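All remarks here apply to the structure that follows.
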Amino acid sequence: MKISVSSAAGSAVPLLVVPVLEGGEQDAAFRALDGALGGQLSTLLARGDLKHGFGETSLVFPHSDAAGAERVLLVGLAKGAEVTGERLRRAAGTAAKQAGKSRVASLAFALPASALPVAEAARAVAEGLVLGGYDFRVMKTEDADAPAPVALEEAVILLPQGENESAAAEGARTGEILARAENLARELGNLPGNVATPTYLGDTAERIGRERGLKVTVLGPDEMRTEGLNALLAVAQGSEQEPRLIVMEHRGGPEGQKPLVIVGKGLTFDAGGISIKPAQGMEDMKFDMCGGAATIAAMQAIGELGLPVNVVGIVPSSENLLGGAAMKPGDIFRAHGGKTIEIVNTDAEGRLILVDAISYAKRFEPAAMLDAATLTGACVIALGHAATGVMGNDDGLVQEVVRAGEHTGERCWPLPMFDDYREQIKSDYADLKNSGGRPAGTITAGWFLREFVGEWPWVHLDVAGTAYGEGKLSYLTRGATGVPTRIFVQWVMDRAAAAGGTSPA
């Protein structure tokens, strides 16, 4: 999608999107359009015929060419002082969905005046348009007799009078790059397990590396055995699909600068192993690699933005199936970090592949590390689908992640890591056991990961409830959401800005 910004409306567009504010005086864009239409909109609003609550829409077909549009979509936004990036993002997602319904390939979005910096507002709109225009169709056979789908190809963000056009353009560019990356994560997550295999993820990372100037290293089983990545190999040994450890390096900072590290669980299908999952809903276990998909996608955006900081993305990837060679409850393996792990539940496998990746990252001497995984059903019970659970060994870093999530509209909620919880993962036969049972299951899983973290600041994001879902937000669809792609990138952007480097809006 081509997104541009303009201080003035150009030629007539198929769809003009204008926000409607709740109560009080309407925005200048609404007033100008209403004036061009001889008061048609204000009359409809006064009669109660125009919906204007947050998220509500009205589609109007102007009776005059003076509108400069074939149709106008009025989107309920908020009171003027309550305009936020997330509300703009959702309004833009609604606009993109309406463009699909109206079968138009271009639109204009009138950005309302607000307290938000124009770069941030334009970025939010661009994100909403690109995310809202996503449609997973690659596995469907098109009906030759049906009208071909029309994709949104071009959008113009119309700026309020006096706003900085270059700042808005940079914000829109950043939003488009981040949303396109998140759509990549959604695509990888939505692909079935027989397509998006560990090998496929490795090939995707290598392609992105060539396109964005990243150094990419992909380890196969032989290299993993040499490295001692035994926990990752143990999870994979029940599958005929070979595991991969994917390492992507962006060197945008000074030589010798310790990198930021992001790690994502890339379990491309999880049947639970010998501790098999229930059959109902098991098809959704293709989404168990969403943390890894977000890591790959975030590295694409980081490379494309050219962020002035060193970043390493690591994705351990495998399947977890049943077979004669599959790991069994009671087995003990020595992980890369040197500690032995007793397997008490083969369905607690994500933490096994993650700890090998976390330990592997020591060679990069991280300045700080985030990891993300669809790790525990307990997190869904605790937080539902409205927030990502976060925990770590550094309160300052936890707050950085929370702020990044607030910026991107992907909320995070801190969970405690009291020492008491560690007692649940002690083993009688090994250094650790891979499950602490049902009580505080999300936190004990976090403690298990923490056992393999070095001295660097570290935060774990449990995205089990947020990485996929029913697509209830206007810019989402059913399936993978792409979370936490934009959180990862926002965190890196914030770190780059704090270090004094220039970074996008």
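Throughout, read-outs are computed from the coordinates displayed, never taken from laboratory work. All values reported here derive from a predicted model rather than from experimental measurement. In this analysis, Cβ positions are derived from the backbone assuming ideal geometry, glycine residues included, and neighbour counts consider all displayed protein chains.
Local charge sum around Glu400 (other residues, Cβ-Cβ under 12 Å, Lys/Arg +1, Asp/Glu -1)? Before the final figure, lay out each step's value.
Details: positive: Arg403, Arg495; negative: Asp394, Asp395, Glu406, Asp494.
Cβ neighbours under 12 Å give a net charge of -2.
With label points built 7 Å along Cα→Cβ from the Cα atoms of Arg411 and Asp395, find their separation and express it in nm.
2.3
Note the direction-averaged projected area, equal to a quarter of the hull surface, for the Cα convex hull of region 343-501, in nm². Before the final figure, lay out each step's value.
Numbers: hull surface 39.7 nm².
That works out to 9.9 nm².
Roughly how many Å is it from the Cα centre of region 90-116 to that of region 233-247, as a whole number?
Centre-to-centre (Cα) distance: 43 Å.
Treat every Asp and Glu Cβ in the chain as -1 and every Lys and Arg Cβ as +1, leave all other atoms uncharged, and give the resulting dipole magnitude about the Cα centre to the nearest 20 debye. Before the final figure, lay out each step's value.
Values: 46 positive and 62 negative charges, 49 e Å.
My answer is approximately 240 debye.
5 Å is the cut-off here: which amide hydrogens, built 1.01 Å from N in the peptide plane, fall below it relative to Ala69, excluding neighbours closer than 5 in sequence?
Residues meeting the criterion, in which the H sits 1.01 Å from N, are Val13.
Determine the sum of side-chain charges near Leu219: Lys and Arg each +1, Asp and Glu each -1, restricted to other residues whose C-beta is under 9 angstrom from that of Leu219. Write down the numbers at each step before the final one.
Working: positive: Arg244; negative: Asp222, Glu223, Glu227.
Summing Lys/Arg as +1 and Asp/Glu as -1 gives -2.
Going by the alpha-carbon gyration tensor, a ≥ b ≥ c the square roots of its eigenvalues, is region 141-195 rounded (a/c under 1.5) or, if a/c is not under 1.5, prolate (a/b greater than b/c) versus oblate?
Working: a/c = 6.24, a/b = 1.74, b/c = 3.60.
Note, shape of region 141-195 comes out oblate.
Two decimals, Cα atoms only, Kirkwood Rh: what is Rg/Rh over region 180-498? Mind dumping the intermediate values first?
Numbers: Rg = 17.6 Å, Rh = 18.9 Å.
Result for region 180-498 is an Rg/Rh of 0.93.
Going by amide H atoms built from the backbone, whose H comes under 5 Å of the H on Gly238, apart from near neighbours?
So Gly238 has HN proximity to Leu321, Met327.
Taking other Cβ within 10 Å of each residue's Cβ, how do Lys215, Lys339 sort, fewest first? Don't jump to the answer; show the numbers that get you there.
Values: Lys215 11, Lys339 16.
Exposure proxy ranking, most exposed first: Lys215, Lys339.
How big is region 304-434 by the Kirkwood estimate over distinct Cα pairs, in Å?
Numbers: mean 1/r = 0.0584 Å⁻¹.
When all Cα pairs of region 304-434 are included, the Kirkwood radius is 17.1 Å.
Where does the chain land at 222 nm, in deg cm²/dmol rounded to the nearest 500, when only DSSP H runs of n ≥ 4 count, each adding -39500 (n - 2.57), divided by all residues? Numbers along the way, then the final one.
Details: 14 runs with 177 residues, N = 505.
After summing the helix terms and dividing by residue count, I get -11000 deg cm²/dmol.
Ranking request for peptides 40-51, 428-439: highest mean number of other beta-carbon atoms within 10 Å first, then the rest in descending order.
Details: 40-51: 14.7, 428-439: 17.0.
Final packing ranking: 428-439, 40-51.
Each residue of region 335-340 in order: what ³J(HN,Hα) in whole Hz does its phi give by Karplus 6.51 cos²θ - 1.76 cosθ + 1.60, θ = phi - 60°, with x for Gly and Pro?
6, 4, x, x, 7, 8
Within 10 Å of each residue's Cβ, count the other Cβ atoms and sort Ile443, Ile177 from fewest upward. Show your work: numbers first, answer last.
On the way: Ile443 26, Ile177 22.
So the residues, fewest neighbours to most, are Ile177, Ile443.
Rounded if a/c is under 1.5, else prolate if a/b beats b/c, else oblate: with a ≥ b ≥ c from the C-alpha gyration tensor eigenvalues square-rooted, which is region 438-497? Don't jump to the answer; show the numbers that get you there.
Details: a/c = 3.93, a/b = 1.26, b/c = 3.11.
It comes out oblate by the Cα gyration axes.
Which one of Val235, Pro259, Leu449 is farthest out on the positive end of the charge dipole of region 180-498, using unit charges on Cβ (Lys, Arg +1; Asp, Glu -1) and the Cα centre as origin?
Looking along the dipole axis, the top candidate is Pro259.
Can you put Phe30, Phe488, Phe452 in order of Cβ neighbours within 10 angstrom, beginning with the fewest? Could you put the intermediate results ahead of the total?
Working: Phe30 21, Phe488 33, Phe452 25.
Going from sparsest to densest Cβ surroundings: Phe30, Phe452, Phe488.
Round to a whole angstrom and tell me the spacing of the C-alpha centers of region 309-387 and region 413-446.
Their Cα centres are 14 Å away from one another.
Under 14 Å from the Cβ of Tyr200, count the other residues' Cβ atoms, weight Lys and Arg +1, Asp and Glu -1, and hand me the total. Walk me through the numbers on the way to the answer.
Details: positive: Arg207, Arg244, Lys286; negative: Glu187, Asp203, Glu206, Glu242, Glu319.
Charge balance near Tyr200 sits at -2.
I need the shape label for region 209-349. Rule: rounded when a/c is under 1.5, else prolate if a/b > b/c, else oblate, with a, b, c from the alpha carbon gyration tensor.
On the way: a/c = 2.61, a/b = 1.76, b/c = 1.48.
Prolate, since a/c reaches 1.5 and a/b exceeds b/c.
Any chance you could run the full-extension gain for Arg363 through Glu154? It's 0.36 nm times the residue separation minus the Cα-Cα distance, nm to one decimal. Please list the in-between numbers first.
Values: separation 209, 0.36 × 209 = 75.24 nm, distance 4.44 nm.
My answer for the length gained is 70.8 nm.
What whole number of Å gives the distance from the Cα centroid of region 119-183 to the Cα centroid of region 1-76?
When both Cα centres are located, 20 Å separates them.
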